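**Q** Before I ask anything, here is the structure I am working with.
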Amino acid sequence: MQPDPTQDEIKPKDTGYKIGPGQWKLFSAVLVIGCAGLIYGYLRRKGLDESAALYLGLPLLLALGLSLTPPDKSATGATMKGMAIALLLAAPVFQEGYICILFASPLFFAVGLIIAAAIDWGRKRRAKKGNLQSAIIATAIALMAMEGVTPETSFPREHEVVVSKIVSAPVEAVRAALAQPPVLGEDKPFFLRIFPYPVDLQGDGLGVGDTRSATFVAYKHIFWNRIEGTAVFKVVEANERKIAFELASDTSYVAHYLGWKRSEVELTPTTNGDTLVTWRLSFHRKYDPYWYFGTLQKYAVGLVAEELIDHAATPRT
């Protein structure tokens with residue numbers, strides 16, 4: 001009996017399940033973001049969640065991990081998509097507030113873009129020089145991420161912002177306005193709308209020991225977690241030309257970003273009968289890196305000083 005030649009041509013069908021390239025990419029991205037979440041939890045437990053280790057180091061690790069996932073059209077595209085997913089997960093998974101996410105986003109995307117673009121550039125050149133430059137950039141960001149981790153790698157955290165404006169009123173009228181409970185305007189600066197804003201202001205008098213209190217309402221997770229707290233300032237120095245307040249207590253959510261220290265108002269009469277009002281606000285910066293958060297906080301505090309001059313030191317008509 002001759003063997004049927006067709007028998008040799010019949011091959012069993014491969015019914016096994018194969019993981020496709022797209023699934024590997026998704027798995028790798030989820031793995032990288034999951035590892036980043038573990039690192040985030042570790043930094044929080046170690047009290048480093050306000051340091052550059054979180055705001056520069058974590059995006060550096062995310063960028064490196066996402067850039068090295070299974071090949072995509074570009075490392076930049078994969079990294080930007082992964083960063084967006086990680087930031088979207090920050091509120092429900094990592095329990096971060098929207099303000100922290102909002103201000104962390106530029107750092108995350110900037111670090112991711114720099115690292116991924118350098119990797120893409122090195123891949124296109126396919127040369128050791130390109131890889132070396134990518135490594136140098138990553139090392140530089142890693143060194144910057146050490147800010148705030150130790151006292152030796154931290155910049156000074158005490159800051160003072162000074163704002164001066166002419167108020168069209170004599171010194172006596174300005175002092176009388178300062179002695180009343182402050183009333184802030186509804187048309188607040190756009191930048192300050194991002195932060196918790198006082199909903200209730202109490203206190204009067206300019207004698208030593210008199211107080212001013214401001215109650216703030218914040219919504220940590222966009223709108224479903226209402227947090228209310230009060231900052232209380234006490235008059236510690238008062239004369240005809242100067243009033244100084246110091247922070248007595250602060251349970252507001254603003255205390256998560258910075259620590260108020262002292263508020264001073266100086267009144268200088270001008271030759272035409274008006275008053276030059278100089279408002280000094282000193283605070284303790286809590287977040288790193290300094291060049292980013294320090295700049296933003298000083299700008300915001302400067303706007304607060306302007307608001308105080310316009311609405312607390314200017315006589316009401």
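The values are calculated or read from the model by the stated rules, or taken from the named source; none is laboratory data. These numbers were taken from a predicted model, which means no experiment stands behind them. Cβ: placed from backbone, ideal geometry, glycine included. Neighbour counts: every protein chain shown.
**Q** Which of the residues belonging to the range 181-215 are over 18 Å from Phe103 (Cβ atoms) and without any contact (Cβ under 8 Å) to a residue 12 or more places away in the chain?
**A** Within the range 181-215, Glu186, Asp187 qualify.
**Q** Here is a follow-up. For the list (1) under 23 Å from Leu281 (Cβ atoms); (2) surrounded by 15 or more Cβ atoms within 10 Å (Cβ to Cβ), I need the number of the one condition that Phe155 fails.
**A** Exception for Phe155: condition (2).
**Q** Continuing with the same structure: Whether any residue in the range 174-183 is touching a strand residue (DSSP E or B) at 6+ places or on another chain (Cβ under 8 Å), basic (Lys, Arg) and in a loop (DSSP other than H, G, I, E, B) is what I want to check.
**A** no
**Q** Search the range 76-88 for residues that are surrounded by fewer than 23 Cβ atoms within 10 Å (Cβ to Cβ) and pair each with any residue that is at pLDDT 75 or above and not in a helix (DSSP H, G or I) when their beta-carbon atoms are under 8 Å apart and the residues are at least 6 apart or on different chains.
**A** none
**Q** May I pose another question? Being part of a strand (DSSP E or B) and either assigned by TED's automatic domain parsing to the domain that holds Ser51 or surrounded by fewer than 18 Cβ atoms within 10 Å (Cβ to Cβ) (or both) narrows it down to one residue among Ile243, Ile227; which is it?
**A** Ile227
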